[in-house]
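One structure is given below, encoded as C-alpha cells.
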Amino acid sequence: MTEAFYHGPEVIEVDDGIRPIRTPASAIIGLIGTAPDADAATFPLDTPVLLLPSQQRRAAKLGAGTLKDAVDAIWDQGGATIVLVRVTEGQDQAATLSAMVGDQTLLTGVHAFRAARSVVDTQPRILIAPGYTGIRPTGVSAIAVDAGGTGYDAATTTVTITPAAGDTTGTGAQGTAVITDGAVTGITLTRPGIGYTAAPTVTIAGDGTGATATAQVGTVANPVVAELLGIAVSLRAVILADGPNTTLEAAAEARKDWGSPRVFITDPYVQVWDTDIDGAVDQPASARVAGVIARMDNERGFWWSPSNQVLNGIIGTSRPVGWAVGDVHSEANWLNEREVTTVIRREGFRLWGNRTCSEDPLWAFLSVRRTADMVYDAVEAAFVWAMDRPLSPQLVLDVQESVNAYLRSLKARGAILGGRCWLDPELNTPDRLMAGHLTLDFDIEPPAPMERLTFRAHREDGYYTELVDAVIREAA
C-alpha cells in the first residue's frame, strides 16, 4: 500500500480473522416425471422449476401424470422445497424412459438438474423419479466377439448396434471395441439401451476386416438410475429408487444392479386412497421417502436416518411385508439384510431400513453419506473469500480455525462425533506453496444410526436368597 501524507486520525479496516461456515440446504428434492396436461408456461419441458410448499395452486397446474401425485406424496410428509423437471410422456415405456434419461449436452431429462443452480438458484440433494426407477427393462445384456479380425486401430474402430428387423422399440445400446494387436478382443457395453424385442445386429467398422460379434438381450439395470448416478456425484446428492414392486427376490435382484452409496432402494409400493375412483391405488414409495427425509432434515437434522419414521398419507402397502420385534427371519429383515429398505406396520406405516447400495461398508448408511456430503459442500463453499489472497501465516490460521470452529459446532449439535482441521508440513512443501497451492487436512466422523440393540439377559438365583431374607425380616 502506497504511503501518502495525511495529517489527522484515520481508521484502517483489517478483515483478518475466522469466518462462519454455513451448511447448505439439504432438504431440497429434485423431482422428475411426466405431466402431459400441465400448463406449459408454468412448467416448461426439460426445465428446472422451483416449487415451494406454499405454492399449492401452482402445483395444481400440473394436471394428470406422475408429477402431481409425487408432489402430493412429498407434501403429505411436511413442507419441502422441490426442484421439478417435466419431460415428455412417450408413446410407450421405452420412449418415456428415453425422455427421462435425456441428453447431457442439451441438459434435458435428468440432466436438467445440473442447471438448477443457475436457473432457480437451488441445488437438489434428493433425486427421485417415481414410477420410473423400479423398471428393469429389456436391453442388450452382453456382446460376445465371434471373430477378432485383423488390422483394427482403437482410434478408428466403431461399434454400431442396430435393432433387428421388426424391432420397432429397441434403442440406445452403445459399445466400444477393445483392440489387442489389431484384433477385436472384446466389446465394452457402455449403454445397454432399452426396449429390445430381439437380439440386435452388431457392426464393427474401421481400418481392419473380419471382426464379428453377437449381442444378447436380457433384463438390464434401470436407465434412469444409471443416468442419475453421475449427476448425484457432481451434486453430492442421493437417488431414492423404487424397487420392482413384485417379489422379495426381485427387489434383492434389482439391488445388485448398483454399487453406489448414493442409491437407496425402497420396495414395495405403498397404497393411497384415490378420490377419483373411490378406492386404493398403488404408488411408488420414493416420493414419500423423499418427503420424510426432507422433514427429518428440517426438524432434527440431516444426520438423522429416515428409518423408523411414519409415512403419512398411506393406507397400506401393495403387498404385505412381514415384520415382528426379534424376528430375524421376517420379510422386512430379509430385505434389510440385502440392503433394500421397506415399509412395516407398527403404530402406523413406517419406513424400515438404513442401508444404501454401497459396495464399501464405510458408506453403508444413507445418513452417514449425506452428512459427509453436507460438511464437504459447506467447507468448499465457505472459502471463496480466501481465494487469491496473498499467502501468509494469518491467512492459513484463519482458514484452519474457521474449519475447526465449524466442526466444533457440528459436534455440539450431534451432527458429527468429532472433527479437526490441521496443516501437514509434508504436503505443503515450498514448491507447492510457491505454486499457490495450500493443503489442509480435516477429519470427521458422522454418527451411524443405531441399527441393532442387543440386551444380554441373565438368570440370578441370588434373588431367592433375598426373598427368604425379606420374609424373615418381616416375620421377626
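Where a number appears in this text, it was derived from the coordinates with a stated rule and is not lab data. Because the structure is predicted, anything quoted here is derived from the model rather than measured. Backbone-built Cβ (ideal geometry, glycine too); neighbour counts: all protein chains shown.
Once R0 is set to 22 Å, what does the formula 1/(1 + (r/R0)^6) return for the Cβ-Cβ distance between residue 456 and residue 327, expressed as a FRET efficiency to the nearest 0.05? Before the final figure, lay out each step's value.
On the way: r = 19 Å, r/R0 = 0.86.
The pair residue 456/residue 327 has a calculated efficiency of 0.70.
Defining a contact as two alpha carbons under 8 Å apart and six or more residues distant in sequence, what relative contact order in percent does the chain show?
Working: 992 pairs, mean separation 66.7, N = 476.
About 14 percent, as a whole number.
Based on the alpha-carbon gyration tensor of region 383-444 and its eigenvalue square roots a ≥ b ≥ c, which shape applies: rounded if a/c is under 1.5, prolate if not and a/b is larger than b/c, or oblate?
Details: a/c = 3.17, a/b = 1.91, b/c = 1.65.
Judged from the Cα gyration tensor, region 383-444 comes out prolate (a/c at least 1.5, a/b above b/c).
Given R₀ = 30 Å, FRET efficiency for residue 389-residue 118 by Cβ-Cβ distance, to 0.05?
Details: r = 27 Å, r/R0 = 0.89.
The calculated FRET efficiency here is 0.65.
Subtracting the Cα-Cα distance from 0.36 nm times the residue separation, let me have the gained length for residue 158 to residue 190 in nm, one decimal.
On the way: separation 32, 0.36 × 32 = 11.52 nm, distance 1.27 nm.
Length gained, residue 158 through residue 190: 10.3 nm.
Can you work out ³J(HN,Hα) from phi for every residue in region 151-167, in order, using Karplus 6.51 cos²θ - 1.76 cosθ + 1.60 and θ = phi - 60°, giving whole Hz and x for Gly and Pro?
Residue by residue, region 151-167 yields x, 8, 10, 4, 6, 10, 7, 10, 10, 10, 10, 10, x, 5, 4, x, 8 Hz.
Which value in nm describes the separation of the simple spin-label points at residue 249 and residue 278, placed 7 Å from the Cα toward the beta carbon?
4.1 nm
Would you grab the residues whose amide H sits under 5 Å from the one on residue 217? Only those 5+ places off in sequence or on another chain, please, with H modelled 1.01 Å from N.
The answer is 141.
Multiply the residue gap between residue 433 and residue 404 by 0.36 nm, knock off their C-alpha separation, and tell me the result in nm, one decimal place.
Details: separation 29, 0.36 × 29 = 10.44 nm, distance 2.19 nm.
Gain on extension, residue 433 to residue 404, equals 8.2 nm.
Evaluate the charge dipole of region 383-444 about its Cα centre and quote only its size in Debye, nearest 20, assuming +1 on the Cβ of each Lys and Arg and -1 on the Cβ of each Asp and Glu.
340 debye
Check which residues have an amide H placed less than 5 Å from residue 243's amide H, if you skip close sequence neighbours.
Sorted by chain and number, the residues that satisfy this are 266, 267.
Taking other Cβ within 10 Å of each residue's Cβ, how do 370, 22, 191, 456 sort, fewest first?
Details: 370 28, 22 10, 191 18, 456 4.
The most exposed by this proxy come first: 456, 22, 191, 370.
Along the Cα→Cβ direction, 7 angstrom out, place labels at residue 198 and residue 229. What is the inter-label distance in nm?
The answer from the label model is 3.1 nm.
Could you give me the ³J(HN,Hα) list for region 385-394, computed from phi with Karplus coefficients 6.51, -1.76, 1.60 and θ = phi - 60°, whole Hz, x at Gly and Pro?
Result, ordered by residue: 4, 8, 5, 6, 6, x, 5, 7, x, 5 Hz.
Multiply the residue gap between residue 347 and residue 380 by 0.36 nm, knock off their C-alpha separation, and tell me the result in nm, one decimal place. Working shown, then result.
Details: separation 33, 0.36 × 33 = 11.88 nm, distance 4.20 nm.
Length gained between residue 347 and residue 380: 7.7 nm.
Quick one: if the Förster radius is 60 Å, what FRET efficiency do residue 40 and residue 6 give, using the C-beta to C-beta distance and rounding to 0.05? Display every interim value, and only then the final one.
Numbers: r = 64 Å, r/R0 = 1.06.
Given R0 = 60 Å and the Cβ-Cβ separation, E is 0.40.
Does region 276-382 come out rounded, prolate or oblate, given a ≥ b ≥ c as the square roots of the eigenvalues of its C-alpha gyration tensor, rounded meaning a/c under 1.5 and, failing that, prolate meaning a/b above b/c? Intermediate values should be presented prior to the final figure.
Values: a/c = 2.38, a/b = 1.45, b/c = 1.64.
In terms of gyration-tensor shape, oblate.
For region 138-219, compute Rg over Rh where Rg is the Cα radius of gyration and Rh is the Kirkwood radius from the inverse mean 1/r over Cα pairs.
Working: Rg = 12.3 Å, Rh = 12.5 Å.
Over the Cα atoms of region 138-219, Rg/Rh equals 0.99.
Which entry in (1) 1.03; (2) 1.09; (3) 0.97 is this structure's computed Rg/Rh (Cα atoms, Kirkwood Rh)?
(2)
Normalised by the residues of region 353-476, what does the relative contact order come to in percent, with Cα pairs under 8 Å and at least six apart? Kindly include the intermediate steps, with their values, before the conclusion.
Working: 90 pairs, mean separation 26.9, N = 124.
With pairs under 8 Å counted, the relative contact order is 22 percent.
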